[in-house]
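Peer 1: Questions regarding the structure given below will be posed in turn.
Bear in mind these aren't lab numbers, they're just calculated from the coordinates by the rules spelled out. These figures come from a predicted structure and were not determined experimentally. Neighbour counts run over all protein chains shown; Cβ positions are idealised from the backbone, glycine included.
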Amino acid sequence: MEVMQQLGALMVSAIPTALLFIVLVIAYEFLVQGPLSATLRERHARTGGAMEEAEKAIALAEARTTEYNEKLRQARAEVYKARELRVKQWNAERDAALDVTRKAAGARVREAKAALDEEAAAARETIEASAPELAAQVVRAVLPVAVGGTR
């Protein structure tokens, strides 16, 4: 029985320690654990909010990148169309200039041909006009001198 009495005395002397422990646990809960939990919840909310904002910013950046690529593709297509239009215009101008040059060259050829035809006709007329005189000179040179004439 003595053990029971010692155990009972030990329990009675442990009551203030147990009460002090309970008071410390309650004080820890209110003074440390509560504010720490609140700070961790706030931090998690901010971090989660920052993560959501970052995801939204990434999605917005991807959308803008897609939009930029589409605008770039459209701009390239417009530049290509403008370049093709300019090349077609240059080809049309070149063809028109070549046509004008061909027509001018054709006109010059016709004028030169007409001038040559006129010169040939004038030369023929000159030759035909001088043909009797030339024939007479040839006859005088080839045939002997007529009787009574001197050479």
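Peer 1: Which three extents, in angstrom, do the Cα atoms of the chain have along their principal axes, listed largest first?
Peer 2: So the three principal-axis extents are 204, 25, 20 Å.
Peer 1: Next question, about the same structure. What shape does region 61-127 take by its C-alpha gyration tensor, where a ≥ b ≥ c are the square roots of the eigenvalues and a/c under 1.5 counts as rounded, a/b above b/c as prolate, and the rest as oblate?
Peer 2: prolate
Peer 1: Continuing with the same structure: How much net charge surrounds A105 when only the other residues with a Cβ under 13 Å from the Cβ of A105 are counted, with Lys and Arg +1 and Asp and Glu -1?
Peer 2: +3
Peer 1: Translational diffusion coefficient, Stokes-Einstein: compute it for region 15-82 using the Kirkwood radius over C-alpha pairs as Rh, at 37 °C and 0.692 mPa s, and state it as an integer in µm² s⁻¹.
Peer 2: D, rounded to a whole number, is 193 µm²/s.
Peer 1: Sticking with this structure for a sec: Note down the magnitude of the dipole of the chain about its Cα centre, charges +1 on Lys and Arg C-beta and -1 on Asp and Glu C-beta and zero elsewhere, to the nearest 20 debye.
Peer 2: Its charge dipole is roughly 740 debye.
Peer 1: Which of V138, Y80, F21 sits farthest toward the positive end of the charge dipole of the chain, with +1 on the Cβ of Lys and Arg and -1 on the Cβ of Asp and Glu?
Peer 2: V138
Peer 1: Which ³J(HN,Hα) values in Hz, rounded to whole numbers, follow from the phi angles of region 114-130 under the Karplus curve 6.51 cos²θ - 1.76 cosθ + 1.60, where θ = phi - 60° and Gly and Pro get x?
Peer 2: Those phi angles translate into 5, 5, 5, 4, 5, 5, 5, 5, 5, 5, 4, 4, 5, 5, 5, 5, 8 Hz.
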